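K.L.:
Sharing a structure, written as structure tokens. Questions coming.
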Amino acid sequence: MARGDAEFVEFARAASARLVHAAFLMTGDHHQAEDAAQTALVRTYASWSRIHDDDAYGYARRTLVNHLVDGWRRPMREYPTDEVPQQRHGDVADEVATRRWLIAILGALSPRERAIVVLRYYFDLSEAQVARELAVSVGTVKSTSSRALEKLRTAAPQTADQEARR
Amino acid sequence: MSEDRLRHAMRATERPDAVLDLATVLREGRRLRTRRRVAGAGAATLAAGLTAVVVVMAVGARPDDPSTAERPPPVAVATPPTGAAPMVPNSLEPTSPPGTTGDEPTPKPLGQVIDSGVRHGTDQRVYFVVGVSVPGHPRVSVGLAAGRRALDGSLTTDILINDVGGVDRSPGFHQIGYDERSSADPVPTFGYFVGPAQRIIGTVDGRQVDARLARWSVDKQVVIFWFDPTELTPGERLDGIIARDGDGRRL
């Protein structure tokens, strides 16, 4: 294996879980998430020689998010469920419930809103960084983020109500 | 719902064991890189309305095998990017799988055999032009072979590259041969350029690597080049390649 390939494999192993999860948060579908993360890594590898000394993770993240935002026109699958439970480490039932809750409330957002929420709160990027990655203004990020959070606040109680009616 | 709660929920549901098929990632990434390179380097070819595709053949022969001089170069890869069926040079009929013996001799070199200076034991790494025939493309008549020459002068072909469309003598770069086999005697990356090139420079991982050059004895416009394996690992893909004339101008 060439030196560049070995470095890439090491990078890919370290970055895969976060990329797949970010894609899952944006799509609500595990298979689609894995496909999107794989596509992002393929494109990252194809450009590896010019990016691996720079910000490879950032490149992969940008590729992933733009791939999903540009290509995604279908609504998310929704799994109405309870308010997010308090986390107890290792509790699989809680983790499943939390995942369903997340997908339900994120399903209320548009693809671009979801991308902003994932970049801001999962990748912890600043508003300015999110604006650069999505090629929009900081003002757009702020207003969209605010609108998205408001939707989430509205959606969260609804999902709890739906669950309560079951 | 607070932002912190959202942030925590996103992280808490991460699956650390997510595993992607990295072998597929590498394979698809190489294909994408090749398509990009062909799209870029093929501008001159496209301007002339040509289509050039590589046919790579490999021989799984050992240099110490006495039968290698009579072993044909079986097909290892033949994948035109257009989706058309692979076209195989008629003159070689390389249909045996790698590592099997056949009845057809190694193609006869056209012009002088070029000694690269690279050695595999007592064998010389050599490059030579051979005649090929591609159905429907009469202006493709030669390909470039990478092989080994034993002490007794017998030749073994490892990889053959040739256009499978257009004109094999059109100006500019043609196909580049990468050794993707796991061989004890890897073939240094090689190819040919048509034109007055005095320098050929490849780029990989941000560094520049000068190719070794030799002119084909039959047609001096054909510049055969290869990269020293100590400077460019065989099989490692170039990110770019350019040719310059004697005045340093890019061709």
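The values are calculated or read from the model by the stated rules, or taken from the named source; none is laboratory data. Computed from a predicted model, the values in this text were never measured in an experiment. In this analysis, Cβ positions are derived from the backbone assuming ideal geometry, glycine residues included, and neighbour counts consider all displayed protein chains. These accessible areas exclude ligands, DNA and RNA; they are computed on the full protein's heavy atoms, side chains included. Shrake-Rupley method; radii C 1.70, N 1.55, O 1.52, S 1.80 Å.
K.L.:
Name the residues in the stretch A:21-46 that are farther than 12 Å from A:Leu68 by Cβ and crowded, with 18+ Cβ neighbours inside 10 Å, would you?
P.N.:
Scanning the stretch A:21-46 gives A:His21, A:Glu34, A:Gln38, A:Leu41, A:Val42, A:Arg43, A:Thr44, A:Tyr45, A:Ala46.
K.L.:
Considering only residues of the stretch A:24-53 that are of a type in the set (Asp, Glu) and either more than 9 Å from chain B (Cβ to nearest Cβ) or in contact (Cβ under 8 Å) with a residue 60 or more places away in the chain (or both), which is nearest to A:Thr98 (Cα to Cα)?
P.N.:
A:Asp29
K.L.:
Which pairs do you get when a residue that is within 7 Å of another protein chain (Cβ to nearest Cβ) and within 12 Å of A:Ser47 (Cα to Cα), found in the stretch B:21-34, comes within reach of a residue that is among the aromatic types (Phe, Trp, Tyr) and assigned to a helix (DSSP H, G or I), reach meaning Cβ atoms under 7 angstrom, with the pair 6+ apart or on two chains?
P.N.:
Sorted first by the residue in the stretch B:21-34, then by its partner, the pairs are B:Leu26/A:Tyr45; B:Gly29/A:Tyr45.
K.L.:
Same structure again: What's the number of the condition B:Gly153 fails, among (1) open to solvent by 20 Å² or more (accessible area, probe 1.4 Å); (2) without any contact (Cβ under 8 Å) to a residue 60 or more places away in the chain; (3) within 16 Å of the chain's Cα centre (by Cα)?
P.N.:
That leaves (3) as the condition not met.
K.L.:
Among residues belonging to the stretch B:212-233 that are surrounded by 20 or more Cβ atoms within 10 Å (Cβ to Cβ) and farther than 15 Å from B:His174 by Cα, point out the one that is nearest to the other protein chains (Cβ to nearest Cβ).
P.N.:
By that ranking, first place goes to B:Leu232.
Per-residue answers, yes or no, for (1) closer than 20 Å to B:Gly147 by Cα; (2) in contact with a strand residue (DSSP E or B) (Cβ under 9 Å, 6 or more places away or on another chain); (3) at pLDDT below 90:
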| residue | (1), (2), (3) |
| --- | --- |
| B:Ala184 | yes, yes, yes |
| B:Phe193 | yes, yes, no |
| B:Gln198 | no, yes, no |
| B:Val204 | no, yes, yes |
| B:Lys220 | no, no, no |
| B:Phe225 | yes, yes, no |
| B:Pro234 | yes, no, yes |
| B:Asp239 | no, yes, yes |
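K.L.:
Another question, then. Considering only the stretch A:88-107, I want to know if a residue exists there that is more than 14 Å from B:Val25 (Cα to Cα), modelled with pLDDT of 80 or more, part of a helix (DSSP H, G or I) and not assigned by TED's automatic domain parsing to the domain that holds A:Arg120.
P.N.:
Looking through the stretch A:88-107, none of the residues is more than 14 Å from B:Val25 (Cα to Cα), modelled with pLDDT of 80 or more, part of a helix (DSSP H, G or I) and not assigned by TED's automatic domain parsing to the domain that holds A:Arg120.
K.L.:
Another question, if that's okay. Quick one: in the stretch B:202-211, of everything that is touching a helix residue (DSSP H, G or I) at 6+ places or on another chain (Cβ under 8 Å) and in a loop (DSSP other than H, G, I, E, B), which residue is surrounded by the most Cβ atoms within 10 Å (Cβ to Cβ)?
P.N.:
B:Asp205
K.L.:
If a residue has to be closer than 16 Å to B:Arg215 by Cα and open to solvent by 40 Å² or more (accessible area, probe 1.4 Å) to count, how many in the stretch B:174-201 make the cut?
P.N.:
Summing the residues that are closer than 16 Å to B:Arg215 by Cα and open to solvent by 40 Å² or more (accessible area, probe 1.4 Å) in the stretch B:174-201 gives 3.
K.L.:
Out of B:Leu46, B:Leu50, I need the residue that is more than 14 Å from chain A (Cβ to nearest Cβ), at pLDDT below 70, out of contact with any strand residue (DSSP E or B) (no Cβ under 8 Å at 6 or more places or on another chain) and part of a helix (DSSP H, G or I). Which one?
P.N.:
Among B:Leu46, B:Leu50, only B:Leu46 is more than 14 Å from chain A (Cβ to nearest Cβ), at pLDDT below 70, out of contact with any strand residue (DSSP E or B) (no Cβ under 8 Å at 6 or more places or on another chain) and part of a helix (DSSP H, G or I).
K.L.:
Regarding B:Ala145, is this residue open to solvent by less than 10 Å² (accessible area, probe 1.4 Å), under 24 Å from B:Pro107 (Cβ atoms) and of a type outside the set (D, E, K, R)?
P.N.:
So B:Ala145 fits the description; yes.
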